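Reviewing the structure listed below.
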Amino acid sequence: MRNLILTVLLSVIAVVSGYVEELDDKFKEYLQHELWLVEFYAPWCAYCHTFEPIWHEVGAELKSMGSPVNVGKIDTTVHTSIASEFNIRGYPTIKLFKGELSFDYKGPRTKDAIIEFTNRVSGPVVRPLSSVQLFQHVMNRHDLIFVYIGGESLLKREYYKAATEYIVHTYFFTASEEVLPKVVTLQDVPAIAVFKDGTYYLYNEFLDGDLSSWINRERFPSYFQIDSFSLYQMGELSKLVALAVVDEKNPSEESIRYKTLMERLSTEYRDHYKSDYQFGFMDGNEYINGLIMGEVEMPSIIVLNMSIDGYCLPESKIETIEDLLRFLNSVLDGSAKLLGGNGFLQWTKRSFYKAKSTVVSMFQAAPFFSCFVFGLPVGIVALVIWGTCTAVPADDEKPVEGATANPVSDAHGKKAIELQPDSTEKPSEAKKED
């Protein structure tokens, strides 16, 4: 209850202070002339309540930085047409509006990550590196960047087009040959390079195919710590994800060995597996357990196919890099058993699992609010059922004693005399008796 009250107070402070503006469906009128970072939320969403203080911090920091980006939020349960227009399917959803373009934020729900995204996307899509010092400064700040080297060309136009699509994930720059590090060797100009993993790789149209697809494959380090957000993005790739699932807080000798094997393989066998695998490690098994709807031991090795929600586990213990190579090759040639998947049964099971997880998380984050959300419809249904079962039928007309409800025909088809309670006439049999 205390957390819920604190969340509401921070929300009110954010709105009153001007850091976060409560929007309505008229905010679309501002988009042509202003930059907007907007949270689409629903009052019943427990994640939205938990996220509210972070969103306030984002608005406050962008304001203090003098950012031209306005920060707002909109209740899609009130403005339902907005949810349909912008295809809002989950909460909270974050979008940055820049002219006629909108960019979805799919990263961690942290202040620093959101501000990094905002600064990157709100600025130029492609930024120039005009000096050796500036190039080195950018290299020190970012683990991965794409750089176009050369003058005007068809390749440059394709690069700008791809940069507009992938600016939500990473940075794009242009530079001349003079400002590049001395270790960079170009066979031809113009050229495009990705700088990552302490080295660089050049785009080759004949070997790598479409530029946009190459950028999509190369926008991750060869080996890095993968979280739930980056793993979700792997579904957009054609690669499998090879993971060492470990406990970073209490690393065992086997955890360290799995991480080392995976990192070594990602470096030594990059050219062999670069089109097939993304390598990394994950701290903890909670997200993986939810993904496979089971329990993954820690530490362990697992290969995920995020496009079909499938996974493979090694049948024997991984001791050496040769063991790991055999396992990865067995996944590629189909001899490894594929578990999970997106068949109807698995889809039904996963939907139920996600619904149950969502309800549990709602009660953990905001128990009183969740009781109200779920208790109100249950209470209404219970009252309706109770009222139906206990209702006493009302008699519209009470039959009069000694009278028939309707005229009755005799055996010859003639109507019998209809008895009336006040009638003085009697049947012939009654008269004889008298």
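The values are calculated or read from the model by the stated rules, or taken from the named source; none is laboratory data. Because the structure is predicted, anything quoted here is derived from the model rather than measured. Using ideal geometry, Cβ is built from the backbone for each residue, glycine included, and neighbour counts are taken over all protein chains shown.
Within the set VAL78, VAL20, the sole residue that is buried (at least 20 other Cβ atoms within 10 Å of the Cβ) and modelled with pLDDT of 85 or more turns out to be VAL20.
ILE308 fulfils the conditions (1) at pLDDT 90 or above; (2) not in a strand (DSSP E or B) except for a single criterion, (1). If I filter the stretch 238-253 for residues that are part of a helix (DSSP H, G or I), within 23 Å of VAL296 (Cβ to Cβ) and either more than 21 Å from the chain's Cα centre (by Cα) or assigned by TED's automatic domain parsing to the domain that holds GLU295 (or both), do I get at least one hit? Yes, some residue in the stretch 238-253 is part of a helix (DSSP H, G or I), within 23 Å of VAL296 (Cβ to Cβ) and either more than 21 Å from the chain's Cα centre (by Cα) or assigned by TED's automatic domain parsing to the domain that holds GLU295 (or both).
Put simply, of VAL71, VAL58 the only residue that is assigned to a strand (DSSP E or B) and under 18 Å from GLY107 (Cα atoms) is VAL71. Whenever a residue of the stretch 47-74 is outside the structural domain of ILE114 (by TED's automatic domain parsing), it has no partner that is surrounded by fewer than 21 Cβ atoms within 10 Å (Cβ to Cβ) lying with C-beta atoms less than 9 angstrom away and at least six residues away or across chains.
Taking the stretch 157-192 as the search range and keeping residues that are of a type in the set (Gly, Ala, Ser) and either within 20 Å of LEU237 (Cα to Cα) or assigned to a loop (DSSP other than H, G, I, E, B) (or both), which one is farthest from the chain's Cα centre (by Cα)? Taking the candidates together, the pick is SER176.
Here the condition is being of a type outside the set (A, V, I, L, M, F, W, C), at pLDDT 95 or above and either not assigned by TED's automatic domain parsing to the domain that holds TRP214 or not in a helix (DSSP H, G or I) (or both); of ASN329, ASN342, it holds for ASN329 alone. Per this entry, SER213 is counted among residues that are under 21 Å from PHE279 (Cβ atoms) and surrounded by fewer than 17 Cβ atoms within 10 Å (Cβ to Cβ).
The residue that is surrounded by the fewest Cβ atoms within 10 Å (Cβ to Cβ), counting only those in the stretch 175-191 that are under 14 Å from PHE146 (Cβ atoms) and touching a Leu at 6+ places or on another chain (Cβ under 7 Å), is PRO190.
When the stretch 261-290 is examined, which residues are found to be under 12 Å from ALA244 (Cα atoms) and within 20 Å of the chain's Cα centre (by Cα)? Residues satisfying the conditions are MET282, ASP283, GLY284, ASN285, ILE288.
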